[in-house]
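Throughout, read-outs are computed from the coordinates displayed, never taken from laboratory work. This is a predicted model, so every value here is computed, not measured. Neighbour counts are summed over all protein chains in view; Cβ atoms, including those assigned to glycine, are modelled from backbone coordinates with ideal geometry.
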Amino acid sequence: MEGKRGVADLQQEKELAQVPMSRSSIVQGIKELVDGGLHAVPPLYVRPPDERPESSSLLSNVQPLPQYQIPIVDLTALDSTGAARVQVMQEIGRACEDWGFFQVVNHGVELAVIQQLQEAAFKFFDQPAQERMRFYTQSIGEPIMYRTSFNPAMENVREWRDSLGFNRIPGVCDGFQDAPELCKKEVQQYMKGVDAIAGKVFKAIFESLGVEKYLENEVQAGTIPRVRMSINYYPPCPEPSLTLGVSAHSDVGTLTVLHPDVVPGLEIKHEGTWIPVIPTDPSALVINVADQIEIWTNGKYKSIEHRVVTNTNKPRMSIACFYGPSDDTVVAPLPTLVDESHPPCYKPTKFEDYLKNFFSNKLLANRGTLDLARL
Ligand SMILES: O=C(O)CCC(=O)C(=O)O
């Protein structure tokens, strides 16, 4: 959509381009710019050619071929015992090994709970800027975080998203308790449901490898309680071929549970190709293996690179819940997954160091954060 730029737009773009990006203290959200009437992507958001989405990525109504769809796992039997449970557990294991990403259905979180959170979050983003800015912070350790892009202080190019986030760090803070009234009940309700799913799936992942004996000590210590929820708001974009909602990265924690929205945007890199993730229904959730599981499993289960493309028509809202271990957890390949033919690929790394490295950078492509632990 190439439109005429008005004088005000040009002035705004000129001003934005002159903001000393790396050190600007006041960060204007992308929603503000779009609401002001944008006809072109401001220079600050234009990706270098090799990072731009391919034109095929932007045909959001195209259904990927069946061989290019992430596996769908029905979680119904995960609460049972016996053969049906074993089958689900094995399906999860296969999905983690072959794809690193899978959709889950019949997971126990009602569609109404998801929709209530989406509605409440849209209300948050629709408020006047000064209301949203009450929660604005660049620091990632705050209980409640309203942010734009990922880390503007370190980015040459910004990402086309604003976000509202909540941290629950046991013994440190619980942003869900202090959430803004207009979405407090909704975030708490949703989080309760997603916590239950994450706990079950996390256990199944380790059972599928026969390493559940490590769950209690090395792995489970602090693994499920720590979470960061990020409600990502991607406004429509006048030129989706020039920018990205989220640039390529892998997730740093243990696993991520995502509500991807029915508006497409998420893409994962599978066998060298960017593939769109198309949810099967409005309540489907997407789960992915993150870096710490890749390290524990010595690379057997992969933390896959993913990104978000934008579209011209509709705002998109995804809800990502990033789980992680406690800061002092030292993550290393589990002993039973290391032998002569599988030498360790990663060195023991304290999660606190891993996290600091991730958040003090821009998002790193090619699974670059894993370099910190790679041998
Ligand atoms: O919006 C999405 O689908 C994914 C978001 C994401 O990758 C992130 O927040 O790190």
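General observations
- Part-to-part distance (alpha-carbon centres) for segment 142-192 and segment 307-375, which is given in Å: 19 Å
- Qualifying GluC sites (Glu not before Pro) in segment 241-340, where qualification requires a DSSP coil assignment and no more than 14 other C-beta atoms within 10 Å, comprise Glu271, Glu340.
- Solvent-free Debye scattering, log10 I(q)/I(0), computed from the Cα coordinates of segment 45-372 at q = 0.06, 0.14 Å⁻¹: -0.19, -1.15
- Looking at segment 132-223, the GluC sites (Glu not before Pro) that sit in a DSSP loop and have at most 10 other Cβ atoms within 10 Å of their own Cβ are Glu181.
- Reciprocal mean inverse distance between Cα atoms of segment 285-375 - Kirkwood radius, Å: 14.8 Å
- Gaussian network model of the chain, Cα within-10 Å springs - most flexible of Ala204, Ala284, Ala365: Ala365
- Membrane-span-like helices in the chain, defined purely by DSSP H runs whose alpha carbon atoms cover 30 Å or more axially and whose average Kyte-Doolittle hydropathy reaches -0.5, are 184-208.
- Positive minus negative residues near Pro236 (Lys, Arg vs Asp, Glu; Cβ under 10 Å): +2
- Dipole of segment 45-372, positive direction: furthest Cα of Val257, Gln87, Tyr68, with charges on the beta-carbon: Val257
- The GNM of the chain, with springs linking C-alpha atoms under 10 angstrom apart, assigns the highest mean-square fluctuation among Lys192, Lys347, Lys31 to Lys192.
- Net charge over other residues, Cβ less than 11 angstrom from the Cβ of Val109 (K, R count +1; D, E count -1): -1
- Proximal charge balance of Glu352 [Cβ under 10 Å; K/R count +1, D/E count -1]: -1
- About its Cα centre, the chain has a charge dipole of approximately 500 debye under the convention of +1 per Lys or Arg Cβ and -1 per Asp or Glu Cβ, with nothing else charged.
- Most positive-pole-ward Cα, Ala373, Ile169, Tyr214, against dipole of the chain from beta carbon charges: Ile169
- Segment 84-125, dipole about Cα centre (Lys/Arg Cβ +1, Asp/Glu Cβ -1), debye to the nearest 20: 80 debye
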